[in-house]
Amino acid sequence: MSLKVSNRGMINPFIVMDVMRSANKLEELGEDVIHLEVGQPSTPAPLRVIEAAQEALNKEVLGYTDSLGLPFLRERIAEYYSTFYGVSLNPSRVVVTTGSSGGFLLAFLSAFEPGDRVALVAPGYPAYRNILTALGVEPVIIETTAADKFQPTIELLKNSGKLDGLILASPSNPTGTMISREEMKQLVNWCSIAGVRLISDEIYHGITYGTKSETVADLDENAIIINSFSKYFSMTGWRLGWIIVPDELMRSIECLCQNIFISPPTLSQHAGVEAFNSSEELLANIKRYTKNREILLKYLPSAGFSDIAPADGAFYLYANIESISDDSEEFCRRMLSEALVATTPGVDFDPFNGKRYIRFSFSGSESDMITACERLTNWKQ
Ligand SMILES: Cc1ncc(COP(=O)(O)O)c(C=O)c1O
């Protein structure tokens, strides 16, 4: 007898993970692959974080913590809002999570019912729509173009029917484009009039090139702000993030935390607090991304990739390849096997136009960027 299998779990794969698997297989066969597919820092966690982890291993019991996170970490995160953004924040609204991914689950479960409609743009981070789908919430995917900076406009939102939520990401993955403070205010205002709950993914804050990251925390007290130690703080594998929660959702989120996660990873919490005392190392990482971005922007055009979105932040370049190929998946597969450069096809981020785009990640080393550009320039596409 065949047993029942839930449709809710039948969500799309995260294609970049599949690309990574193919790249790793080639490496196992002895090939030297340059990884421009992965969206994670190639640097370890800051030294003080690692030292704090070692100390905690020696000194702490490392049992469960409070479900909302260790109080001193919640306080330190609130303090960071004051130093980084000049925004005063009550630590009682900070909830420590298992990466921002855990934060999305809590945010969507607490704010939306099955059948609700939540808008997000394409191209965008695929897990938003895949998690919403698994929860029975309808992702309303708004098609955007380079002319909109791949960000939602009020016009586009007005044409999307009745909405219950809107997910914003600035800087965005995969385009790196940002929403200005003025545009953000207008979007917040529109959401408040239309009764739409804003979810602001601020995971790439701090990784910007000349433009300051602006939080929604002081613009909309009904918004859920999502952030993480993964990118700016270079701690992807530590699985630590946080959310800023509106008062009315606090108890619901606390109960969800207790039942789904019990608590965020304890070792990472003890160590993570030191991430806020590591600005020198973090600044060095930004300098490296800045240099990497310059290298790709300088040399990719001569390798045939000239139509690239202006990345104000994050560590990605989103390139239009329509003059070379109309099938980004096949193109990336060929690039990997022939030029040994791994990139991510746009179809991961955009069901409408993704076949015409690929994403380069420049989170790796400077020498990897140079080698990748050389290989792509010599590659006969
Ligand atoms: C836009 C965006 N949000 C969230 C995440 C998830 O990050 P984490 O769960 O490691 O905090 C990612 C990872 O790539 C991302 O690009």
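Side notes on the structure shown:
- Cα-Cα separations in segment 199-304 greater than 18 Å, expressed as whole percent: 62 percent
- Here segment 168-229 was treated as a single set of alpha-carbon atoms; its pair distances binned every 10 Å from 0 give 23, 56, 20, 1 percent.
- For segment 194-241, trypsin sites (Lys or Arg not before Pro) are listed when DSSP marks them as loop and at most 14 other Cβ atoms sit within 10 Å of their Cβ; the list is LYS212.
- For segment 114-245, the C-alpha radius of gyration sits at 1.00 times the compact-globule guess of 2.2 N^0.38 Å, with N the residue count.
- Using a simple spin-label model with pseudo-atoms 7 Å out from Cα toward Cβ, MET250 and ALA284 lie 4.0 nm apart.
- For the chain, the solvent-accessible area works out to 44 Å² per residue, with a probe of 1.4 Å and every protein chain left in place.
- The charge dipole of the chain, taken about its Cα centre with unit charges on the Cβ of Lys, Arg, Asp and Glu (plus for the first two, minus for the last two), comes to roughly 180 debye.
- Per-peptide packing, taken as the mean over residues of other Cβ atoms within 10 Å, places 117-126, 247-256, 87-96 in the sequence 117-126, 87-96, 247-256 from highest down.
- Simple point charges give the picture: +1 on the Cβ of Lys and Arg, -1 on the Cβ of Asp and Glu, and for segment 121-187 a dipole about the Cα centre of about 100 debye.
- Hits among lysines - C-alpha to C-alpha of LYS287 under 23 Å, sequence gap 8 or more where chains match: LYS212, LYS231, LYS298
- Loop-located GluC sites (Glu not before Pro) in segment 9-52 (DSSP state other than H, G, I, E, B) with a sparse environment of at most 14 neighbouring Cβ atoms within 10 Å: GLU31.
- With all projection directions averaged, the alpha carbon convex hull of segment 4-86 covers 11.4 nm².
- Once the convex hull of all Cα atoms in segment 66-139 is built, its volume per residue stands at 116 Å³.
- Here segment 322-363 is described by how far its Cα atoms reach on the three principal axes: 27, 23, 15 Å, from widest to narrowest.
- For segment 220-325, a simple Cβ point-charge model (Lys and Arg +1, Asp and Glu -1, everything else neutral) yields a dipole of about 520 debye relative to the Cα centre.
- A DSSP coil position with no more than 16 other Cβ atoms inside 10 Å describes the following chymotrypsin sites (Phe, Trp or Tyr not before Pro) in segment 1-74: PHE14, TYR64.
- Within-14-Å neighbourhood charge of TRP379 [Cβ basis; K, R +1; D, E -1]: +2
- Residues of segment 59-92 with amide N under 20 Å of a point placed 7 Å along Cα→Cβ from SER192: 86-90
- Working note: 222 nm ellipticity from helices only, DSSP H runs with n ≥ 4, each -39,500 (n - 2.57), summed and divided by the residues of the chain, gives -11500 deg cm²/dmol to the nearest 500.
- Alpha carbon centroid spacing (whole Å) that separates segment 252-321 from segment 88-105: 18 Å
- 10 Å binning of all Cα-Cα separations within segment 120-168, expressed as whole percents from 0 upward: 26, 56, 17, 0
- Virtual spin-label span in nm between ASP148 and THR133, 7 Å along Cα→Cβ: 2.0 nm
- Averaging 1/r over each pair of different alpha-carbon atoms in the chain and inverting the result gives 21.5 Å, the Kirkwood hydrodynamic radius.
The values are calculated or read from the model by the stated rules, or taken from the named source; none is laboratory data. All of these numbers come straight from a predicted model, not from anything done at the bench. Virtual Cβ from ideal backbone geometry, glycine too; neighbours counted across all protein chains shown. Areas reflect the complete protein model, heavy atoms only, side chains present, ligands, DNA and RNA absent. Shrake-Rupley method; radii C 1.70, N 1.55, O 1.52, S 1.80 Å.
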